[in-house]
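Read the structure below first, then the notes.
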Amino acid sequence: MKALVLTAIQRFETQDLPTPHIGPEEVLIATAYSGVCGTDHDLYAGRPGSAPAKPPIVLGHENSGVVAGVGSEVTNVGIGDRVAVDPNIYCGECLYCLTQRPELCDRLSAIGVTRNGGLAERFVAPASVVYALPGSVSLKAAAAIEPISCGVHGVDMLSLRPYQKALVIGDGFMGQLFVQILQAYGVHQVDLAGIFDDKLERNRQQFGVIHTYNTTRESVPEDAYDVIVEAVGLPATQAVAVKAARKGGQVLMFGVGKQEASFAMNAYDIYRKQLTIQGSFINPLTFSDAIALLASGKVDVEPLISHVLGLEQVQEFLDGKISGVSKAVVRIQD
């Protein structure tokens, strides 16, 4: 089978690999689409994602496809089913798994990170992380279920009420997803700050955003929002997020920054305003919610997918040679 293999830092090779063997509780999936995200940029550059990737490895952790084979003990899906795959696999035995925090698992493994993923014609996943798709969800859209599920976990970490005003900082793919997810969870006003006028306008016109701020020429108001989602991962935007929170506010630090990055906070303001500053890591048990959001139409992801790539274009994209990308997915096969 054809596969794109990361053989070294910033080096891919197209290889002909044997079709992987499946065990009794595993599923063989013919990949349809595989999304490419910031984690793949990090893994390509030799930085860790949810876990370090050790070449040679096939990346691709945002995957949809069709079941091509099932192990003898698999009962939740069958051959020919259209599916999406949660890449994260937990040990079920460590302290964090046993105290209902599996995302912090000491022995976390992940498809497309620590084991071969979807940038290949076939890949294998445990049946426990394979989800059948409703007919209303396309395979193209299903490649975004994993990032949607990460957003769902983020909002699950917050206490949301309809009266709240929310601000999303970052008009990248995840920031735009958070606009729709917060709305789906009942927040009555969601505003967006970013740097691209076309994206800000689309979210006003298509997704009901009330106020937008282009931070290249406008300031985000301080002490103004009950909920702030920081979806950039830069110290400057993280500092803005904290300042934007009004009394009793909640700040979700979702954007993934550099490991050595830090920013300054005024400790008295955190005390005085009784702020909650919350991190969010991966997507524990949120795939079903993400699928439901897509199937119901409360999250519409296809307008955000700007590029459909071939395997041969992945390295070009990760090298920054393809511009104007909102979200890229790789079409492996129809």
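Laboratory data are not the source of any read-out in this text; all were calculated from the coordinates shown. Since the model is a prediction, treat every value here as computed from it, not as a measurement. When we count neighbours, we look across all protein chains shown, and the Cβ atoms used for this are built from the backbone with ideal geometry, even at glycine.
Before moving on, here are some points about what is shown:
- Considering the range 252-334, its Cα convex hull presents a mean projected area of 9.4 nm².
- Loop-located trypsin sites (Lys or Arg not before Pro) in the range 276-334 whose Cβ has at most 11 other Cβ within 10 Å (DSSP): LYS321
- Kirkwood Rh, angstrom, the range 32-140 [1 / mean 1/r, Cα pairs]: 14.7
- By the helix-only formula, in which each DSSP H run with n ≥ 4 contributes -39500 (n - 2.57) and the sum is divided by residues, the chain has a 222 nm mean residue ellipticity of -6500 deg cm²/dmol.
- Expected-Rg normalisation [2.2 N^0.38 Å, Cα atoms] applied to the range 104-168: 1.47
- Entries of LYS258/LYS327; LYS243/LYS273; LYS140/LYS258; LYS165/LYS247; LYS140/LYS298 with Cα pairs more than 19 Å apart: LYS258/LYS327; LYS140/LYS258
- The chymotrypsin sites (Phe, Trp or Tyr not before Pro) of the range 209-281 include none that DSSP puts in a loop with a beta carbon having at most 11 other beta carbons within 10 Å.
- Net charge, GLY65 excluded, C-beta distance under 15 Å - Lys, Arg +1, Asp, Glu -1: -2
- For PHE287, PHE196, the sequence from fewest to most other C-beta atoms within 10 Å is PHE196, PHE287.
- Over the range 79-195 - Rg/Rh using Cα atoms and the Kirkwood inverse-distance radius: 1.02
- Kirkwood-type radius of the range 158-279, with distances r between different C-alpha atoms, in Å: 14.2
- Whichever aspartates and glutamates have a C-alpha closer than 17 Å to that of LYS54, once near sequence neighbours (fewer than 8 apart) are set aside: GLU13, ASP40, ASP42
- Overall shape of the chain was characterised from the C-alpha gyration tensor. The equivalent ellipsoid obtained from it has semi-axes of 34, 21, 20 Å, in decreasing order.
- Ranked by how many other Cβ atoms sit within 10 Å of their own Cβ, fewest first, the residues GLU25, GLU230 fall in the order GLU25, GLU230.
- Whole-Hz Karplus values for the range 291-296 come out as 4, 5, 4, 5, 5, 7 Hz, taken residue by residue from phi with 6.51 cos²θ - 1.76 cosθ + 1.60 and θ = phi - 60°; glycine and proline positions read x.
- The relative contact order of the range 158-279, computed from alpha carbon pairs under 8 Å that lie at least 6 residues apart in sequence, is 23 percent.
- Within the range 78-178, chymotrypsin sites (Phe, Trp or Tyr not before Pro) in DSSP loop having at most 13 other beta-carbon neighbours inside 10 Å: TYR163
- Helix axis angle, 145-156 relative to the chain longest principal axis, alpha carbon, degrees: 40
- For THR7, THR39, THR215, THR237, order by how many other beta-carbon atoms lie within 10 Å, fewest first: THR7, THR215, THR237, THR39
- Diffusion constant of the range 190-241 at 10 °C, which comes from Stokes-Einstein with the Kirkwood Cα-pair radius and 1.306 mPa s, µm²/s: 137
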